[in-house]
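A short write-up of the structure that comes next.
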Amino acid sequence: MDFIFQTWPWYVSGFLIGMVMLCLIYFGKTFGMSTNLRSLCAMTGLGKKVGFFDFDWKAQRWNLLVVLGAMFGGFVAVHFMGDASNVSINPKTIAQLAQLSIDAPNGKLLPDTLFGNAIFQSPKKILILIIGGILIGFGTRYASGCTSGHAIYGLSSFQLPSLKAVIGFFIGGLIMTHFIFPLIF
Amino acid sequence: MKALKYILVGIVFGIVLTKSEAVSWYRIYEMFEFQSFHMYGIIMVAVVTGVIGIQIIKRKKIKDIKGLPIEIIDKEPGSTRFWVGGIFFGLGWALVGSCPGPIFILLGAGFLPMILVLFGALFGTFLYGLFKDKLPH
């Protein structure tokens, strides 16, 4: 039973993510998490002012249930299935992070530097998280999908637009970690 | 029961993404630094599983849970939106280390600062909706 508490290997995790997508396809649905952001916007009644949100979000309720389940799954996994050995990333990565003054994982999923509750006292870090979120929300809707919709669902069904989007994801990600991180951290 | 199956799939998704550490900011940073195979392995195996599954569905004409034919919806053709939108998302993905799924998963797990990322993501989605017609697709 010990393996449950360890980091799940990539081949087990990848297979299970693929199965989650296939389950949703079997239910007659698709796999895509960013669509929920649009639904949440539409739920607030934005559709009356902005045409993009004037759609039947209730038809997307199933996807909001998937997200609700995922939130609960995250809670269970973090609180009951963790171990101090988790997130054992490359020591080289840890050394590099130290240079950016970002704390090492030591079993944590997220660095305190960016996600500890102390960040609420730092306007700079609040801004980093909000801007990151805006880039995610704007980018996923512009590209009409995120990691789940394009990288997993789109590539699995051999869709060329998804390949373009995924290459775009990596161009953006590489620019951020290699060129922008040294400027902001 | 209809609702329950979606919640159950969601729970599995949340646990797998957490236990595989795909929700970890560190893993995303490590991936973009090419210092580990872990994330690439996850994405590759997920895609291979998906390809095999979708091919089986198509060749055996497997019906969905309601007995209807399964349709794989094609993305609309185009280029600009996928490249440019993709790059915007990639910048955000690397900065806060989470894509839309993990934002919710980590919030559920109790990482309160994630609420800022969620607000940002909703606002970003709103901005796209507002400027959609002025943007090149």
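Tabulated values for the structure
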| read-out | value |
| --- | --- |
| 19 Å tail of the calculated P(r), chain A, as % of Cα pairs | 71 percent |
| Relative packing of peptides A:92-100, B:78-86, A:33-41 - highest average C-beta neighbours within 10 Å first | A:33-41, B:78-86, A:92-100 |
| Formal net charge of residues neighbouring A:GLY149 (Cβ-Cβ distance under 14 Å; K, R +1; D, E -1) | +4 |
| Residue-averaged [θ]222 nm for chain B, counting only DSSP H segments that reach four residues, each worth -39500 (n - 2.57) | -22000 deg cm²/dmol |
| 14 Å beta-carbon shell around B:LEU122, net charge (K/R +1, D/E -1) | +2 |
| When region A:81-185 is reduced to its Cα atoms, the Kirkwood hydrodynamic radius in Å | 16.0 Å |
| Inter-label distance for A:LEU127 and B:MET44, nm, one decimal - labels placed 7 Å from Cα along Cα-to-Cβ | 4.0 nm |
| Net charge, B:GLU30 excluded, C-beta distance under 11 Å - Lys, Arg +1, Asp, Glu -1 | 0 |
| Cα-based Rg and Dmax for region A:86-126, where Dmax is the largest Cα-Cα distance (Å) | 11.0, 31 |
| Cβ neighbours within 10 Å from other chains - mean over B:33-43 | 6 |
| Stretch gain in nm, segment B:SER79-B:PHE37, where the contour uses 0.36 nm per residue and the Cα spacing is subtracted | 12.2 nm |
| Translational diffusion of the protein assembly as shown, µm² s⁻¹ [Kirkwood Rh, Cα pairs; Stokes-Einstein; 37 °C; 0.692 mPa s] | 168 µm²/s |
| Rounded if a/c under 1.5, otherwise prolate or oblate - region A:1-82, Cα gyration tensor axes | prolate |
| Share of alpha-carbon pairs per 5 Å distance bin for region B:13-88, given as whole % | 3, 12, 13, 15, 17, 19, 14, 6, 2, 0 |
| Residue mean of other protein chain beta carbons inside 10 Å, A:173-184 | 5 |
| Extension gain (nm, one decimal) between A:PHE5 and A:ASN90, 0.36 nm per residue minus Cα-Cα | 28.6 nm |
| Averaged over A:75-83, number of beta-carbon atoms from partner chains that fall within 10 Å | 5 |
| Per residue Cα convex hull volume in Å³ - calculated over chain B | 162 Å³ |
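Just so you know, all these numbers are worked out from the coordinates, no wet-lab data involved. Predicted model only: the values in this text are computed from it and were never measured. Glycine gets a Cβ as well: all are built from the backbone with ideal geometry, and neighbour counts include every protein chain shown.
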